[in-house]
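Taking it in order: structure first as structure tokens, then the write-up.
The values are calculated or read from the model by the stated rules, or taken from the named source; none is laboratory data. For clarity, every value in this text was computed on a predicted model and none was experimentally measured. Note that each Cβ is placed from the backbone with ideal geometry, even for glycine, and that neighbours are counted across all protein chains shown.
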Amino acid sequence: MQNKLTNLKEDLKKNQIEIMLYPSKCDGCESEGFAACIKACEVHMSKKFGSKYAGARINIKKKAGRFFPIICHNCEEAPCVDACMPGARYKDTESGWTVTNYKKCVGCWMCVMTCPFGAIERIGAGHFASKCDGCIDESMPKCVEACKKGALKRIGIKNYSYERRLMVAKKIYGPYIKSVEKR
Amino acid sequence: MKYVIIGNSYAGLSCADAIRRFDKSGDVVIISDENYRAYARPLISYYLEGKTTDETIWYKEDDYYEKNNFKLMLGKKAVSVDTASKKVVLEDGAEIYYDKLFIGSGGTPFVPPTEGFNPDSPMMGTFTKFDDAKKMEKAAKFAKNKEAIVVGGGLIGLKASEGLRALGLHVTIVELLPRVLGLALDEISGNITSKRLNENGIDTATGETVTKINLDGAGNPESVILKSGKILKADIVVVGVGVRPNVGFLEGSGIKIDRGIIVDKTMMTSVKDVYAGGDAAVIYDILNKRPNIIAIVPLACEEGRVAGTNMAGVYREYPGGMGLNSVEIYGLPIVTIGLTNPSNESQKVYMFQDENVYRKLVYDGEVLVGAILLGDISGSGILSAVIRQGLKCLKYKDEFLNGNIYSFVIDSEFEIYNINEGYAVRGDFEDLPEFSRTNWR
């Protein structure tokens with residue numbers, strides 16, 4: 001891993017940071033009884049935003065034995081920013097992340113209605129829409145830190161696109177690669 | 001290059017942002033007939049409730065205009081556009097020349113002809129502007145009998161009545177259709193919503209209209225007479241029937257208008273270098289498959305962005321939009337997406353209802369074309385993405401109805417990540433040593 005992505009550190013320093021998902025590695029932490037990423041996020045959010053805007057910004061959904069972490073995918077032209085009526089959600093120009101000013105959020109649920117990943121949660125009691133902010137002011141997102149399975153990784157935008165391309169390549173040339181490996 | 005933008009709200013600002021993204025040096029002039037910098041227009045009802053305040057109602061940060069080098073002209077009403085000599089004429093006679101013009105003039109409230117309605121009275125008015133909210137806040141203090149009448153049971157009317165109710169008034173909604181939110185909701189969900197309103201001190205008079213407003217000596221309302229002959233006491237009358245595109249000032253400019261401003265795929269009007277978007281524009285409705293005016297915030301931003309990109313010289317097309325809306329009424333979240341009431345026989349309806357939750361899906365063949373979610377709206381964004389893209393998803397029908405909307409995302413994401421197929425190497429790309437940055441191409 002390290003020797004392959006030689007400029008990882010540089011990339012992290014210079015470029016926008018993304019959280020990469022490897023859903024095949026996620027097992028929902030079923031044996032532990034609680035998901036490590038959710039727990040870590042909960043703790044960190046209540047520390048960061050106070051008890052009023054607490055609650056995990058990551059969620060794990062299960063279907064037929066497969067787990068998928070539901071987290072903000074940080075769209076380039078985010079529908080939640082378009083839909084936000086009070087202007088609470090905006091693009092942070094420095095980090096490139098879509099972040100939320102919870103003081104402005106009134107709970108109209110327009111963003112919940114438009115997020116194609118279902119990554120925004122309606123908190124009815126607190127009357128706000130909670131969304132991952134990528135832990136932009138931390139050195140490492142807390143969910144990534146907590147995940148021991150390797151299902152979440154922090155990565156620079158260049159490597160992120162590189163890995164996504166690899167995945168697509170693998171999908172198209174997968175059988176070919178396997179035959180090469182065998183030989 | 002000089003860009004002029006008429007309208008200082010969602011479409012206009014989104015257009016200005018898009019221009020600034022591609023053109024860092026061009027002059028951008030934003031004209032607004034109001035005296036405030038951009039504020040969150042749909043939030044004026046929350047202002048009455050106290051959920052947003054004078055500090056938080058502003059749409060952008062304080063230094064937004066200076067930082068982006070936008071010239072803001074407040075309190076200037078554009079009265080005509082001369083497309084031949086490329087200028088906008090303002091109310092005070094000033095002329096502003098443009099190279100590219102964007103019209104995001106939005107809508108003006110529509111008032112059905114009602115005897116006695118007088119918008120100049122401090123106790124009567126429409127409900128679309130910040131000034132309207134401030135007027136109603138004052139009016140509520142002077143209301144003697146604490147009775148208010150809201151004409152119109154759409155989103156504007158509903159939010160206005162919620163705001164007035166929070167000011168301590170007893171509110172009656174008078175709606176022409178047989179239920180509140182009549183165009184978006186069906187009978188069951190409309191009844192649930194009405195019940196929730198009635199529990200919280202808002203009465204609904206459906207299938208009714210106000211025929212006459214009785215005035216007192218000072219010209220303020222005293223009572224209203226309904227179509228059925230009923231007389232209701234009223235200190236305040238708010239008309240929130242709907243909005244019509246604000247296009248009156250474009251008369252004689254040569255811009256083609258049919259209800260709203262007609263635009264092509266690049267959001268350009270029939271006149272070159274003049275673009276339009278937002279509530280004033282007629283865009284392509286991908287579900288009804290015809291041009292339509294869809295006055296919602298997300299589409300206004302999208303249209304503004306596409307127009308701005310084209311104005312800055314980068315070609316971009318707008319694929320069209322669809323109607324969708326979300327509102328919360330006293331703790332009951334409501335999301336309506338697309339065609340919620342089937343319009344022909346080929347469309348099939350599937351419903352789920354229990355104590356707190358109501359879900360309705362409208363399928364056209366295998367394609368989902370509409371949905372209503374009441375009570376539990378988690379994952380509704382997935383449905384709106386599915387509807388907008390016209391994906392075939394009849395096999396997910398039961399899961400959607402039971403609230404497992406996420407199962408669609410899990411399936412499609414696993415397909416993208418390619419890890420449920422037999423040939424993929426479990427453990428992702430790290431197990432493929434042949435691939436590296438050097439031999440990638």
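Of all the numbered requirements in (1) within 12 Å of another protein chain (Cβ to nearest Cβ); (2) closer than 19 Å to A:Met110 by Cβ, B:Asn356 misses one, and that requirement is (2). Exactly one residue among B:Ile372, B:Ile377, B:Ile416, B:Ile410 is modelled with pLDDT of 90 or more and within 11 Å of another protein chain (Cβ to nearest Cβ), and that residue is B:Ile377. Residue pairs whose Cβ atoms lie under 7 Å apart, separated by 6 or more positions or on different chains, with the first residue in the range B:103-128 and without any contact (Cβ under 8 Å) to a residue 60 or more places away in the chain and the second of a type outside the set (Asp, Glu) and crowded, with 20+ Cβ neighbours inside 10 Å, are B:Pro119/B:Gly125; B:Pro119/B:Thr126. Screening the range B:264-292 for residues that are over 30 Å from B:Met1 (Cα atoms) and in contact with a strand residue (DSSP E or B) (Cβ under 9 Å, 6 or more places away or on another chain) and picking the one that is surrounded by the fewest Cβ atoms within 10 Å (Cβ to Cβ) gives B:Arg290. B:Glu162: surrounded by fewer than 17 Cβ atoms within 10 Å (Cβ to Cβ) and acidic (Asp, Glu), yes or no? For B:Glu162, the condition - surrounded by fewer than 17 Cβ atoms within 10 Å (Cβ to Cβ) and acidic (Asp, Glu) - is not met.
B:Lys60 meets each of the listed conditions (1) basic (Lys, Arg); (2) within 14 Å of another protein chain (Cβ to nearest Cβ); (3) out of contact with any helix residue (DSSP H, G or I) (no Cβ under 9 Å at 6 or more places or on another chain) apart from (3).
Please list, ordered by residue number, the strands (runs of 3 or more DSSP E) wholly in the range B:273-348 having 3 or more residues that are within 14 Å of chain A (Cβ to nearest Cβ) and modelled with pLDDT of 90 or more.
Working: elements: B:274-276, B:281-285, B:290-292, B:324-329, B:332-338.
Strands (runs of 3 or more DSSP E) meeting the threshold: B:324-329, B:332-338.
Quick check: anything in the range A:44-56 crowded, with 20+ Cβ neighbours inside 10 Å and part of a helix (DSSP H, G or I)? Yes, that holds for at least one residue.
Hey, any hits in the range A:82-91 for a residue that's surrounded by fewer than 21 Cβ atoms within 10 Å (Cβ to Cβ), touching a residue at least 12 places away in the same chain (Cβ under 8 Å) and in contact with a strand residue (DSSP E or B) (Cβ under 7 Å, 6 or more places away or on another chain)?
Here is the first cut: in the range A:82-91, the residues surrounded by fewer than 21 Cβ atoms within 10 Å (Cβ to Cβ) are A:90-91.
Filter once more, keeping what is touching a residue at least 12 places away in the same chain (Cβ under 8 Å): A:91.
Those still in the list that are in contact with a strand residue (DSSP E or B) (Cβ under 7 Å, 6 or more places away or on another chain) too: A:91.
Checking the range A:82-91: at least one residue is surrounded by fewer than 21 Cβ atoms within 10 Å (Cβ to Cβ), touching a residue at least 12 places away in the same chain (Cβ under 8 Å) and in contact with a strand residue (DSSP E or B) (Cβ under 7 Å, 6 or more places away or on another chain).
Would you say A:Gly150 is over 12 Å from the mean Cα position of the chain (by Cα), assigned to a loop (DSSP other than H, G, I, E, B) and in contact (Cβ under 8 Å) with a residue 40 or more places away in the chain? Outline the logic, then answer.
Details: over 12 Å from the mean Cα position of the chain (by Cα): yes; assigned to a loop (DSSP other than H, G, I, E, B): yes; in contact (Cβ under 8 Å) with a residue 40 or more places away in the chain: yes.
Judged against the criteria, A:Gly150 is a match.
What about A:Arg122, is it within 21 Å of A:Ala36 (Cβ to Cβ) and either hydroxyl-bearing (Ser, Thr, Tyr) or not in a helix (DSSP H, G or I) (or both)? When the stated conditions are applied, A:Arg122 does not pass them. Here is a list of conditions, (1) within 14 Å of chain A (Cβ to nearest Cβ); (2) within 18 Å of B:Leu287 (Cα to Cα), and B:Val367 meets all of them except one; can you say which number that is? All conditions pass for B:Val367, except number (1).
Could you count how many residues in the range B:84-96 are touching a strand residue (DSSP E or B) at 6+ places or on another chain (Cβ under 7 Å) and more than 18 Å from B:Val28 (Cα to Cα)? Write out each step before concluding.
Applying the first criterion (touching a strand residue (DSSP E or B) at 6+ places or on another chain (Cβ under 7 Å)) to the range B:84-96 yields B:86-91, B:95-96.
Narrowing further to those that are more than 18 Å from B:Val28 (Cα to Cα): B:91.
Count: 1.
Could you check, for the range B:11-24, whether at least one of its residues is in a strand (DSSP E or B), within 13 Å of chain A (Cβ to nearest Cβ) and not polar (S, T, N, Q)? For the range B:11-24, residues in a strand (DSSP E or B), within 13 Å of chain A (Cβ to nearest Cβ) and not polar (S, T, N, Q): absent.
None of B:Lys86, B:Lys67 is loosely packed, with under 14 Cβ neighbours inside 10 Å, in the same structural domain as B:Asp279 (by TED's automatic domain parsing) and among the basic types (Lys, Arg) except B:Lys67. Restricting attention to the range B:332-366, the residues that are free of Cβ contacts under 8 Å to residues at least 60 places away in the same chain and either among the hydrophobic types (A, V, I, L, M, F, W, C) or closer than 30 Å to B:Cys301 by Cα (or both) add up to 15.
The strands (runs of 3 or more DSSP E) located wholly in the range A:62-114 that include 1 or more residues which are modelled with pLDDT of 90 or more and either more than 7 Å from chain B (Cβ to nearest Cβ) or more than 30 Å from A:Cys26 (Cβ to Cβ) (or both) occupy A:89-91, A:98-100.
Condition test on B:Ser80, is it within 14 Å of chain A (Cβ to nearest Cβ), in contact with a helix residue (DSSP H, G or I) (Cβ under 7 Å, 6 or more places away or on another chain) and not in a loop (DSSP other than H, G, I, E, B)? Walk me through how you get there before you give the answer.
Details: within 14 Å of chain A (Cβ to nearest Cβ): no; in contact with a helix residue (DSSP H, G or I) (Cβ under 7 Å, 6 or more places away or on another chain): yes; not in a loop (DSSP other than H, G, I, E, B): yes.
In short, no.
Going through the range B:369-391 one residue at a time, which ones are touching an Asp or Glu at 6+ places or on another chain (Cβ under 7 Å) and closer than 16 Å to A:Pro116 by Cα? Let's see the steps before the verdict.
The first filter runs over the range B:369-391 and keeps only residues touching an Asp or Glu at 6+ places or on another chain (Cβ under 7 Å), leaving B:372, B:378.
Once the filter is applied, which keeps residues that are touching an Asp or Glu at 6+ places or on another chain (Cβ under 7 Å) and closer than 16 Å to A:Pro116 by Cα, the range B:369-391 yields only B:Ser378.
For B:Lys392, the criteria (1) modelled with pLDDT of 60 or more; (2) surrounded by 15 or more Cβ atoms within 10 Å (Cβ to Cβ); (3) farther than 24 Å from A:Glu121 by Cα hold in every case but one, which is (2).
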